[in-house]
1. Let me understand the protein assembly as shown better: what is its radius of gyration from the alpha carbons, and its Dmax, in angstrom?
2. Can you list which of the GluC sites (Glu not before Pro) found in the stretch A:398-488 are DSSP loop residues with at most 16 other C-beta atoms within 10 Å?
3. Please compute, for peptide B:41-53, the average count of beta-carbon atoms on other protein chains lying within 10 Å of each residue's beta-carbon.
4. Can you sort A:260, A:45 so the residue with the fewest Cβ neighbours within 10 Å comes first?
5. Can you compute the modelled spin-label distance between residue A:425 and residue A:190, with each label point 7 Å from Cα toward Cβ, in nm?
6. Residue A:328: net charge of surrounding residues, Cβ under 13 Å, Lys/Arg +1, Asp/Glu -1, itself excluded?
7. Counting only other chains, and only Cβ atoms inside 10 Å, what mean value do you get across the residues of A:98-109?
8. Just rank A:479, A:322, fewest to most, by other beta-carbon atoms within 10 angstrom.
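Nothing in this text is a laboratory measurement; each read-out follows from the coordinates by a stated rule. Just so it is clear, the model here is predicted, and its values are computed rather than measured. Glycine gets a Cβ as well: all are built from the backbone with ideal geometry, and neighbour counts include every protein chain shown.
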Amino acid sequence: MSHDHATLDAHYDAAIAWMPPDHVILMDETAPITFGELQIAVRKLATGLRAAGAGPGSIVGYSIPNGLAAFALPLAISRLGSAFMPLHTMIPDEVRCGLLARSRVEFAIVGRESMESFRSIASGRGDSFRVLALEDLLGSEAGPLPDSVAKPEHPLLLCSSSGTTGVPKPVFLSQRNVASALTAAYDLSSYGPWTNHPAYRAMIAFPQSTSGIMILLGSAFLGVCQVFTRSLSPARFLEIADETRVEAFSAPPAWLEAILSVPVTERNRVAGLKGIAVGMDFLAPSLLQRLGERFPAFDSVANGYGLVETATVFMVWKGTGRACLEGPTSVLSPCDGLENEISVRDEEGRIVPPGEEGELWVKGPSVIDRYLGSETGFEDGWFRTGDVVRNLGDGRIELRGRRKYLIKRGGKSVSPLVVQEAVDQTPGVLRSAVVGIPHPLYGEMVWAFVVPRSGEQLTTGSVMKTARGILPTHMVPDRVEFVDRIPQGHGVGKIDRETLIARGTEILQSIGV
Amino acid sequence: MKQPLTWENCRERVAGFLGIGPSELDRDTHLFETLGIDSLGIFSLGMHLIEAFGVKVPLSEVSSIATVGDLYEAMNRHRENPA
């Protein structure tokens, strides 16, 4: 089967051509969803959206819980020639409306229970998007699947990159970028002899994240059945995995750490777990070894690497057999089936010889054309990842260091500048600095160091209240530490992060966690 | 100086960490669904409580905590494990 498709529609059509409608491709906890049911949902949503006025060039935002509709919507929206923008439901309504308006969406799809709140916020702010109830769209007739009008260069997925400088930038992934991500997901889903049989069952954490959607659709089109849940509890995740007898997990390393902290019971052994597909962060061999102790049948790993600008995964490390749990996990090769080129360059842009370190550059179908609002694309199409790697000289690289400043908390990137901006909105805050404090469970914790205005009695609660009202859950500070001044580094307005990190590490040691 | 571990003190500390009123919390208040804390956020809240009460709950038990009441009971079970 060829996986070389240039649009999401072409991937979907290829799946329709081979997959029987009664094939179970998703499980909403223990409830099976067949490919036929997904197709009907896609047709209903496409019919309802078209009737509402969506068509080529429209941008459709949606913010709905994990479920069949959340996975059918990207396919329906793509089929109309429109683009989609998913938003997490945990973000406060005000913030979601603001993001939708700034992104110039024409339609916002939410559950019926949120409609009134969205409508009143949007009309109060003078936003022009139309709010549609998911339930109404799903009540539409399942009309015929529209003929695809998508071209590879059309914009398809609007999301936000944390940017190589730590400042978030809006990004449009094209049809070609998303199609490449699905091809990468096929590669990431095939990593042990046991994955060759017609269908295996996997459980995915965070299915609605940008990378989650693409992994889920990609693996589902390959025939893998992906189990998901609405719960954010690692204990519940394991119980469902056990009950549905999954053979694989797809999750970031921090989620796997959380899973390992759950005590083993008769109901959460997941004894049949053979493989884990990891991504979004460094994968430590020590984590694999501990997972090997927890899950006796676990012997296959796929570690995907990528950034939003590369439509998530474009490189992968795979290992099979128990010996692979020793690593090395950071030696990566370009994904099969994609024509991406990589090169390792020094600061002047010269290619470094094998064995040397440099910055990873990439060019090809996975790479975005440009940032939204930017006049110019990347020079000759080469995107500079900002990640430091060693050139192994045989097409492979070894990942050595992450981009500067970004905090990696639980596998998710947190821009310290965005958190700082939120913290600074707390009445009584003079200034603040946000840094990542290393911690084995989190990767890095988000700490806000805050200088109160003179005479103000600030509390952790007042800062947290502001932050919780503005930021998505994973970006809310893990700790607020009040200080008299923010230490300054070299350069105008530069924060001395090292001193703050040392201070945070010292506090963690004194608490004993 | 550590505080005595009572339900009222615990509730006040949890509310103080989140920036909400103590009356908005009861024993059944769900940490994930109602308060919107993620799994790592529970550990961050736990760190705040360790400092207040000097009681440390083992990592293996933190993952089974779902409500504010569960959190209080877990700390009570480990009163003898000073941080």
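1. Computed over the Cα atoms of the protein assembly as shown, radius of gyration and Dmax are 23.9, 70 Å.
2. Sparse-neighbourhood loop GluC sites (Glu not before Pro): A:456.
3. If you average over the peptide's residues, the count of other-chain Cβ atoms is 4.
4. Ordered by Cβ neighbours within 10 Å, fewest first: A:260, A:45.
5. Placing both labels 7 Å beyond Cα along the Cβ direction yields 4.7 nm.
6. Net charge in that neighbourhood comes out at +2.
7. Going residue by residue through A:98-109 and averaging, the value is 0.
8. Ascending Cβ contact count within 10 Å gives the list A:322, A:479.
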